[in-house]
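Step one of this worksheet: look at the structure below.
The values are calculated or read from the model by the stated rules, or taken from the named source; none is laboratory data. Note that this is a predicted model, so its numbers are computed, not measured. Counting neighbours? That spans all protein chains shown, and the Cβs are built from the backbone with ideal geometry, glycine included.
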Amino acid sequence: MYKYNDFDEAFVRERVAQFRGQVERRIDGSLTEDEFKPLRLMNGLYLQLHAYMLRVAVPYGTLSSAQMDRLAHLAETYDKGYGHFTTRQNIQYNWPELKDVPDMLSDLADVGMHAIQTSGNTIRNVTADHFAGAAADEVADPRPVAELLRQWSTDHPEFQFLPRKFKIAITGAEDDRAVIKAHDIGLQLRRVDGTLGVRVIVGGGLGRTPMIGKVLRDFLPLEDLLPYTEAVVSVWNRLGRRDNKYKARIKITVHEHGIEEISRLVEDRFTAIKPGFSGVDQEILREIETQFAPPAFRNAPTDAYDAAYAADPLFRSWADTNLTAHRAEGYAIVSISLKKHGATPGDATADQMRVMADLARTYGHDELRVSHEQNIILPHVHKSDLPDLYAALRSADLATANIGLASDIIACPGMDYCALATARSIPIAQQIAERVEELKIEHEVGHLKIKISGCINACGHHHVGHIGILGLDRAGVENYQITLGGDGTQHAAIGERAGPGFAYDEIVPAIERLITGYLALREHEDETFIEAYRRLGAAPFKAILYPQEARDAA
Amino acid sequence: MPRQFTPKVITANRLLEGDAVWFTTQDTWSGNIHDAEFLTDEAHADLRLLEAQAQAHVIAGAYLADAKQGDNGPEPTHFREAFRTRGPSNYPHGKQEQNHV
Ligand code: HEM
Ligand code: SF4
């Protein structure tokens, strides 16, 4: 795991000290809110509906057990005993008091964590495939590159006042689990003829104007990545629309100027700045790579796993949904669901965080990941340890077997917390999950991604949900719009609006109709919801959602 | 015809705790919307908002929110403002926990 060097350490400490002074000056009245707001946002501190919210970065989603323990400590000491893991691989605390925030940041700095660039018009926390370094289908671990980008972008003088926020995501696998096509820059490590390089995708994004990113370079030599990325950000920094914050993202710049023009400008800029990169970045990358060396995998029989799998149907069900193929023989990637039916998606209590930290310590080479799907991953577990691990998860109420299924829902905080929200999202997710559990159909339904946002900003990724739900305010009443056919993988697609929205008490029955209706429409048991949608188009699904209109038209 | 002014209350978040508060006729801040000053005149409401905003050492982000007069004092008319009087719906946290309602 990446360990802070002296420079990182000093930098983060310095920022905590600065912020402590700023908070003191805000409290004693020498700073106004207008002066203080940009300062607190630079340190991840928001003011929401009922309280402050602190957003803590988990760079590329990777945590050690000690760091997870520290997150538990923060939840218990400064919050109401829980934290909320988000789609951007961050954790948010919903109830801190202003005076405590400098202490929280100081506690985080002790374990090499911070809240820098989790907000504001900067290059945000770089997100990565949550199976990085473990997935069987990966060509290389993307996290060293993510860390290089983090170091390069943190406090980069040219990029502290960008037209808008800028988000980079990276994967090392063809199977995209990092939604790279919905980011300002998406990077995919690829190996061509034995050489490692990067596919650079630009101009993706969700929010008010959702766009799928376009390929800017299909294969960039790895050593050119920093100058090339700098060229992209620099071209946008110059062209980006500062007049209108809704048009300020690079997706709009790419859309307005066209990918060919952007490509030409980027290549020019790249040629101009490349000589300034002396290759030091590559030395730094080599150094970082050593810190991400894979753990010493052991060679052991998996009989205990095979026996439990054969004997225990609950274990079998959990293993079938929550395990993913690992690149090392005898190992598995474990996804711990934070989506117990009826619970708040992404929330974990301090006790649960400690249990997960302990399990990572005992069985998982001290490593945990936060997934953008708001679950926690133990990336390296030997199969022989899985029966014991499963038992421990069960006693901590963390053994829900629903990864990738209908109740594994992404939901943003919505109007239960967020000041920008137009409707609630959490209770909708809770009710859908409870309903599919009552019906006991999600294992039959299979792979299905439901994603919910509480406003057009799309923090809950609704545009790329197979079923997307967007909460709106229609004349002072909550109203929910459904989109269908979205996809956040390498086959990325923006969902299509199905039709008029549904009232708060109509949306869950509408989703139930969609799910059961799909079961009747699919060609065979293995045809997933999204496959059926692609084969049949929107019409039969709309007919299910709006039976009255379908009858009237007939 | 000028648009009719809908009655308002002034609300903000408390600087230290961050919880929702409402501005009273006494120039103080209450955690209960029923204690708020009920504003029916636009010019007076704008003036009171300036006075409320001047208390920057106590609160942050003061604004005018639609309200109606109820049996116990002002009440919210929009669901967003109603949530602010209670707290989130997924846990019994926030004001609903303090008020045991
Ligand atoms: C509660 C405080 C939050 C605020 C004030 C907030 C604000 C915003 C805003 C204004 C945008 C639109 C940006 C644009 O289109 O230019 C946005 C997008 C986004 N946010 Fe949030 N957000 C919050 C919470 C979250 C949470 C909890 C998550 C993760 C679950 C999240 C993840 C994202 C993502 C993935 C996007 C869309 C991707 C993109 O940037 O285009 N945000 N957010
Ligand atoms: S989508 Fe809207 S409601 Fe949800 S967290 Fe983002 S800004 Fe808030």
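Among the residues making up the stretch A:14-25, a single one is among the charged types (D, E, K, R) and under 27 Å from the mean Cα position of the chain (by Cα): A:Arg15. For the stretch A:318-347, name all the residues that are farther than 23 Å from A:Asp175 by Cβ and either in a helix (DSSP H, G or I) or β-branched (Val, Ile, Thr) (or both). Correct list: A:Thr344 only.
Restricting attention to the stretch A:111-118, does a residue exist that is within 16 Å of ligand 2 (Cβ to nearest atom) and at pLDDT below 95? Looking for residues that are within 16 Å of ligand 2 (Cβ to nearest atom) and at pLDDT below 95, one finds at least one in the stretch A:111-118, hence yes. For A:Glu97, the test of being at pLDDT below 95 and either within 13 Å of chain B (Cβ to nearest Cβ) or surrounded by fewer than 23 Cβ atoms within 10 Å (Cβ to Cβ) (or both) is failed. Is it fair to say A:Ile170 is in contact (Cβ under 8 Å) with a residue 60 or more places away in the chain and part of a strand (DSSP E or B)? It is true that A:Ile170 is in contact (Cβ under 8 Å) with a residue 60 or more places away in the chain and part of a strand (DSSP E or B).
Residue by residue, here is whether (1) in a loop (DSSP other than H, G, I, E, B); (2) crowded, with 17+ Cβ neighbours inside 10 Å holds:
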residue	(1), (2)
B:Arg48	no, yes
B:His57	yes, no
B:Leu64	no, yes
B:Gln69	no, no
B:Pro74	no, yes
B:Phe83	no, yes
B:Asn90	yes, yes
B:His93	yes, yes
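Considering the stretch B:1-46, and only residues there that are farther than 30 Å from A:Pro102 by Cα and of a type in the set (Asp, Glu), the residue that is nearest to the other protein chains (Cβ to nearest Cβ) turns out to be B:Asp27.
Among the residues of the stretch A:100-131, those identified as in a loop (DSSP other than H, G, I, E, B), surrounded by 20 or more Cβ atoms within 10 Å (Cβ to Cβ) and among the β-branched types (Val, Ile, Thr) are A:Ile116, A:Thr118, A:Thr122, A:Val126.
Anything in the stretch A:68-86 that is touching a residue at least 60 places away in the same chain (Cβ under 8 Å) and touching a helix residue (DSSP H, G or I) at 6+ places or on another chain (Cβ under 8 Å)? List them, or say none. If the condition is that a residue be touching a residue at least 60 places away in the same chain (Cβ under 8 Å) and touching a helix residue (DSSP H, G or I) at 6+ places or on another chain (Cβ under 8 Å), then A:Met68, A:Asp69, A:Leu71, A:Ala72, A:His73, A:Ala75, A:Glu76, A:Gly81, A:Tyr82, A:Gly83 are the ones that fit.
Screening the stretch A:436-487 for residues that are closer than 30 Å to B:Glu81 by Cβ and of a type in the set (D, E, K, R) and picking the one that is nearest to ligand 1 (Cβ to nearest atom) gives A:Lys451.
Scanning the stretch A:409-435 for residues that are more than 20 Å from B:Pro92 (Cα to Cα) and within 14 Å of ligand 1 (Cβ to nearest atom) turns up A:Ile409, A:Ile410, A:Leu420, A:Thr422.
Is it the case that the stretch A:423-443 has a residue that's surrounded by fewer than 19 Cβ atoms within 10 Å (Cβ to Cβ), in contact (Cβ under 8 Å) with a residue 24 or more places away in the chain, in the same structural domain as A:Val508 (by TED's automatic domain parsing) and under 30 Å from A:Thr302 (Cα atoms)? Yes, because at least one residue in the stretch A:423-443 is surrounded by fewer than 19 Cβ atoms within 10 Å (Cβ to Cβ), in contact (Cβ under 8 Å) with a residue 24 or more places away in the chain, in the same structural domain as A:Val508 (by TED's automatic domain parsing) and under 30 Å from A:Thr302 (Cα atoms). For A:Gly186, indicate whether it is touching a residue at least 12 places away in the same chain (Cβ under 8 Å), under 30 Å from A:Leu470 (Cα atoms) and buried (at least 22 other Cβ atoms within 10 Å of the Cβ). Yes, satisfied.
In the set A:Ser317, A:Ser263, only one residue is among the polar types (S, T, N, Q) and not assigned by TED's automatic domain parsing to the domain that holds A:Ile180; that residue is A:Ser317.
Which of the residues that make up the stretch A:76-94 are within 12 Å of chain B (Cβ to nearest Cβ), within 11 Å of ligand 1 (Cβ to nearest atom) and among the hydroxyl-bearing types (Ser, Thr, Tyr)? Result: no residue meets the conditions.
Of all residues in the stretch B:12-28, those satisfying the criterion of being in contact with a Ser or Thr (Cβ under 9 Å, 6 or more places away or on another chain), without any contact (Cβ under 8 Å) to a residue 60 or more places away in the chain and not in a loop (DSSP other than H, G, I, E, B) are B:Val21, B:Trp22, B:Phe23.
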